[in-house]
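Below is one structure, written out as structure tokens; comments come after it.
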Amino acid sequence: MRILITGSSGFIGRHLAARLAEAGHDLTCVVRHCEAHSVPGTCLEKDFATATHPQDWSAAVAGMDVVINAVGIFKESSTQTFDAIHRAAPCALFLAAAQAGVAHVVQISALGADDGARSGFHRSKKAADDFLMALPGVRASIVQPSLVYGPGGASAALFETMASLPVIVVPGSGNQAVQPVHIDDLVSAVEALVRSGKACGRIAMVGPVALTLRQFLASLRAAMDVRGPVSYLPVPMPWLHRAARLGKRLPGAWPDEDALDMLERGNTAPAVGISSLLGRKPEAAERFIPASYAEAVRSHATMRWLLPVLRVCIGLVWLVTGIVSLGVYPVEDSYRLLARTGTPEWLQPVFLYGAALLDIALGAMTLWPYRPRWLWHMQAGLVLAYTLIITWKLPEFWAHPYGPVLKNLPFLAGLWILRELDRR
């Protein structure tokens, strides 16, 4: 079949496009920038923020057998709003598809996009769902996934990281109801739906059973084979909502108020529809991570929190060193050390306070979310320079029982690790 699929660069969209291409369908994949993404089939550039009229989609849907909308955002920005991305553009696409006589329109919505929806995410999804269902003469399928787990997914990375911690911080009691579905089951079910050609109305895409958040995290922890004791640290929901409001304008800030609302509401449904499409029950959470991948997944999950810990520690070393040098440590003693290195008296204040301010700047840059990669090179060069000067002019520090110079070796190793593995 000829299939138009939007959101082909997103988590669900790219998995679905790969599966449909593998099944032999002729795909047209809609993304914002073709040069930035490799997609199967034909690539078509459209921006959902502006393609909000049926005529914007008329040429794209002409001659298509199936149209699938897999576009979605989890957080609004100045250029992308729930109303435009989840409602206005999809409604324009659906209307254009109906006018072009497209046989089957599939909307990837979300579980919870119903009459009880509270979040802006769910309400905007529901608006597009209702519009599609009301279009006359259109075979419409509203696919409503629960929490979707799979490699490369942001939620998978988050929950794997949480599950790998020795102390797991959970919102509220951690007993919120979830029913995660694996991305492989989701795309297999949608592919079966497309192949059948039958409209299904609204269909929940969920795992086989509902779990509490704690049970889900425990399942992932066991699947990753994380050893050792674990304890749970509940964080009151009012605190999280307050933090979400304070961090609303920060890039990538978590938690998000919509996410908290959806979590509190619960995300469960009977698995009858997806089981019928798959011809079997969907995979249970304890089987999400195959045993052969457990070590790799565990290593990645652990590094997601170990690297920030290392980065914060290194940042604090620079900050505290700079602050101490500004006067906490006796300035006259610092001058005497500089004199022993051959620094002229008139340059000693410049070197002392200049180096202290540089240390503070390096510490702040290390803790800043948008840090350049050359930062690690600069820090390593500075540490090596300090080490060489001390070795040449103050060699007795190598024999100090506290090892002030020797500690530069693990510090340099930490910088090397960050240089290789740290990402923004």
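Some points to look at:
- Between Glu45 and Ala18, the contour length at 0.36 nm per residue exceeds the alpha carbon distance by 7.9 nm.
- Across the chain: Cys residues that no other cysteine approaches within a C-beta distance under 4.7 Å: Cys29, Cys91, Cys200, Cys313
- Segment Ile323-Ser78, length gained on full extension (0.36 nm per residue, minus Cα span): 84.4 nm
- Backbone N within the stretch 335-354 under 17 Å of label point (7 Å from Ala399 Cα along the Cβ vector): none
- Using the Cβ-Cβ distance between Phe411 and Glu332 with R0 set to 25 Å, the FRET efficiency from 1/(1 + (r/R0)^6) comes to roughly 0.35.
- Here the sum of -39500 (n - 2.57) over DSSP H runs of 4 or more residues, divided by the residues of the chain, equals -15000 deg cm²/dmol at 222 nm, to the nearest 500.
- Tensor-based shape of the stretch 205-294 (alpha-carbon gyration tensor, a/c under 1.5 rounded, otherwise prolate or oblate): oblate
- Accessible area of the chain divided out per residue, in Å², using a probe of 1.4 angstrom: 50
- Contact order relative to length of the stretch 68-148, as percent, for alpha carbon pairs under 8 angstrom and 6 or more apart: 36
- Residues in the stretch 151-192 that a label on Ala243 would reach, taking backbone N under 17 Å of a point 7 Å out along Cα→Cβ: 158-176
- Residue list for the stretch 320-346, given a label point 7 angstrom along the Cα-to-Cβ vector of Leu388 and an amide N cut-off under 20 Å: 338-344
- One quarter of the surface of the convex hull around the alpha-carbon atoms of the stretch 319-424 equals 7.0 nm², the direction-averaged projected area.
- Of the DSSP H helices in the chain, those with a Cα length along their own long axis of 18 Å or more and a mean Kyte-Doolittle hydropathy reaching 0.0 comprise 183-196, 294-323, 348-367, 374-393, 408-421.
- In the list (i) 1.01; (ii) 1.10; (iii) 0.98, the label attached to Rg/Rh (Cα atoms, Kirkwood Rh) as derived from the coordinates here is (ii).
- Projected area averaged over orientations for the stretch 155-208, convex hull of C-alpha atoms, nm²: 5.2
- FRET efficiency estimate (nearest 0.05) - Cβ-Cβ, Arg32 to Thr302, R0 35 angstrom: 0.55
- Reachable lysines from Lys126, criterion Cα separation under 18 angstrom, eight or more residues apart if same chain: Lys75
- Ranking Ser78, Ser58, Ser141, Ser219 from most to least accessible surface, computed with a 1.4 Å probe over the protein chains only, gives Ser78, Ser58, Ser219, Ser141.
- Three-way shape call for the stretch 1-96 based on the alpha-carbon gyration tensor, with the a/c threshold at 1.5: oblate
- Sites Ala103 and Leu233, calculated FRET efficiency, Cβ-Cβ separation with R0 45 Å, nearest 0.05: 0.30
- Of all accessible heavy-atom area on the chain, the percent that carbon and sulfur account for (1.4 Å): 62
The values are calculated or read from the model by the stated rules, or taken from the named source; none is laboratory data. Here the structure is a predicted model, which is why all the values come from computation and not from measurement. Glycine also receives a Cβ, built like all others from the backbone with ideal geometry; neighbour counts cover every protein chain displayed. When the accessible area is computed, the model is the full protein with side chains, heavy atoms only, and any ligands, DNA or RNA have been set aside. Shrake-Rupley method; radii C 1.70, N 1.55, O 1.52, S 1.80 Å.
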